[in-house]
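Below is one structure, written out as structure tokens; comments come after it.
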Amino acid sequence: MYFQWYPGHMTKAKRMMQENIKLVDLVIELVDARIPLSSRNPDIDGLSRNKARVVLLNKSDLAQERWNDAWCGYFEEKGFLAVKVNSKKGSGMKALQNVIGEACKEKTLRDRKRGILNRPVRAMVVGIPNVGKSTLINALAGKACTKTGNKPGVTKGKQWIRLNRQVELLDTPGILWPKFEDQRVGLYLAFIGSIKDEILNTEELATAFIELMCAEYPGVLDEKYKINGSDDSYRILEAIAESRHCLVRGNELDVDKAAALLLDDFRNGRLGRITLEKCEI
Ligand code: G4P
């Protein structure tokens, strides 16, 4: 499977970020805790030069705790402030508020010396499609102030959100980058649902996912779908179709439906907590 594209709206989104970066003190970058490296847009580092940086390990509830902690340590070592959060449940928000204050301590001191009091910290929230930006902002703001959606690319246009007297957030549309140096990155992004399913071959994606699961989490699929393991990932997909009664025209196996079901189960945490990218650095 080969991934390469650059839809117009992503170019527009990048331009919007370039134009607005000078307005903010801080960049809050959301990554997906299941793939903390592959879910980072490499353009962000260049764009955020000289800005305070916070990395949020979002969807930490879907990844294994030991790897969440290891990844926080990794990012801290690289000079970021890092926090694991579950935006859906709202956990980690207090820690995030503290970290925002900490990240902008120098700026606040500088302001104070120049006689500027109570200028709010302005932060830009960035992250790839579907990583949870809107959910995070809703959790922080305490009400449904931005539109959230289950399809990549729902957050559109420029949006400032005033959290309180101290912090203002600039929401940005999720952007991917034009080309993946490592095709595995594209695959991981497709697994977590950050690349539109319509442009993908679900069956191929599901068999690639099965291969990875068999190598990294042996036994999980067998237990979940009550099937007997096999060396052949397509055979496993068929077994899932059988076990879940995915059928077409009476009794033919609907492998495509089983593929969609499997990916949906993974994306929503129904296979348990799974970290696809482990911290070995
Ligand atoms: P985006 O703005 O970055 O594109 O992402 P958005 O907030 O729309 O979130 C995408 C999906 O991820 C939503 O699911 C949302 O609920 C889910 N999500 C966000 N943060 C977390 C988290 O920390 N943990 C978990 N488990 N899920 C999270 P959805 O299925 O599209 O919508 P919904 O049915 O949950 O409302």
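The values are calculated or read from the model by the stated rules, or taken from the named source; none is laboratory data. The shown structure was predicted, so the numbers you read here are calculated from the model rather than taken from an experiment. Heads up, the Cβs are rebuilt from the backbone with ideal geometry, glycines too, and the neighbour counts pull from every protein chain shown. The area values use the complete protein model at the heavy-atom level, side chains included, leaving out ligands, DNA and RNA. Shrake-Rupley method; radii C 1.70, N 1.55, O 1.52, S 1.80 Å.
Farthest toward the positive end of the dipole of the chain, out of Ser194, Leu96, Cys214, is the Cα of Leu96, where the dipole comes from beta carbon charges about the Cα centre. Residues in segment 248-258 carry Karplus couplings, in order, of 10, 6, x, 9, 7, 5, 9, 5, 5, 5, 5 Hz; the curve used is 6.51 cos²θ - 1.76 cosθ + 1.60 with θ = phi - 60°, and Gly or Pro positions show x.
If a/c stays under 1.5 just call it rounded; otherwise compare a/b with b/c (prolate if a/b is bigger, oblate if not). Do that for the chain, with a ≥ b ≥ c from the square roots of the Cα gyration tensor eigenvalues.
prolate
Exceedance of the 28 Å cut-off in Cα-Cα distance is limited, within the set Lys89/Lys113; Lys22/Lys89; Lys84/Lys105; Lys226/Lys257, to Lys89/Lys113; Lys22/Lys89.
In terms of the mean number of neighbouring beta-carbon atoms within 10 Å, the peptides 40-46, 248-254 order highest first as 40-46, 248-254.
For the chain, what does the relative contact order come out to in percent, with C-alpha contacts under 8 Å and a separation of six or more? The partial results should precede the final answer.
On the way: 444 pairs, mean separation 59.9, N = 281.
Answer for the chain is 21 percent.
Look at the alpha carbon pairs under 8 Å that are at least 6 residues apart: their mean separation over the length of segment 8-171 gives a relative contact order of 24 percent. Compared with the alpha-carbon gap, the fully stretched path from Tyr217 to Arg165 is longer by 14.1 nm at 0.36 nm per residue.
In what order, largest first, do Lys107, Lys196, Lys94 sit by accessible area if the probe radius is 1.4 Å?
Lys94, Lys196, Lys107
Distance from the alpha carbon centroid of segment 180-218 to that of segment 19-85 works out to 22 angstrom.
From helices alone, the chain scores -12000 deg cm²/dmol at 222 nm; the rule is -39500 (n - 2.57) for each run of n ≥ 4 DSSP H residues, then divide by the residue total.
Once the Cα atoms are used to define both axes, helix 202-216 deviates from the longest principal axis of the chain by about 80 degrees. Looking at the chain alone, DSSP beta bridges between its own residues are antiparallel in about 30 percent of cases. The angle between the Cα long axis of helix 8-20 and the longest principal axis of the Cα atoms of the chain comes to about 20 degrees, rounded to the nearest 10.
The angle between the Cα long axis of helix 65-77 and the longest principal axis of the Cα atoms of the chain comes to about 40 degrees, rounded to the nearest 10. Would you please give the FRET efficiency between Asp45 and Asn228, computed as 1/(1 + (r/R0)^6) with r the Cβ-Cβ distance and R0 = 41 Å, to the nearest 0.05? Efficiency at R0 = 41 Å is approximately 0.35.
If you take the square roots of the eigenvalues of the alpha-carbon gyration tensor of segment 8-171 and sort them as a ≥ b ≥ c, do you get rounded (a/c under 1.5), prolate (a/b over b/c) or oblate? Mind showing how you got there, number by number?
Details: a/c = 1.40, a/b = 1.20, b/c = 1.17.
Note, shape of segment 8-171 comes out rounded.
Between Lys196 and Arg112, the C-beta separation translates, for a Förster distance of 51 Å, into a calculated FRET efficiency of about 0.65.
Extension gain for the segment Asp69 to Leu37, taken as residue separation times 0.36 nm less the Cα-Cα distance, is 10.1 nm to one decimal. Computed extension gain for Glu181 through Glu19, at 0.36 nm per residue and net of the alpha carbon distance, reaches 55.7 nm.
From most to least packed by mean Cβ count within 10 Å, the peptides 108-116, 18-26 give 18-26, 108-116.
Between the listed residues Phe80, Gln18, Ala70, the Cα displaced farthest toward the positive end of the dipole of segment 8-171, a dipole computed from Cβ unit charges relative to the Cα centre, is found at Gln18.
Gaussian network model of the chain, Cα springs within a sub-10 Å range: biggest mean-square fluctuation belongs to which of Ala258, Ala139, Ala215? Evaluated over the chain, the most mobile residue of the options is Ala215.
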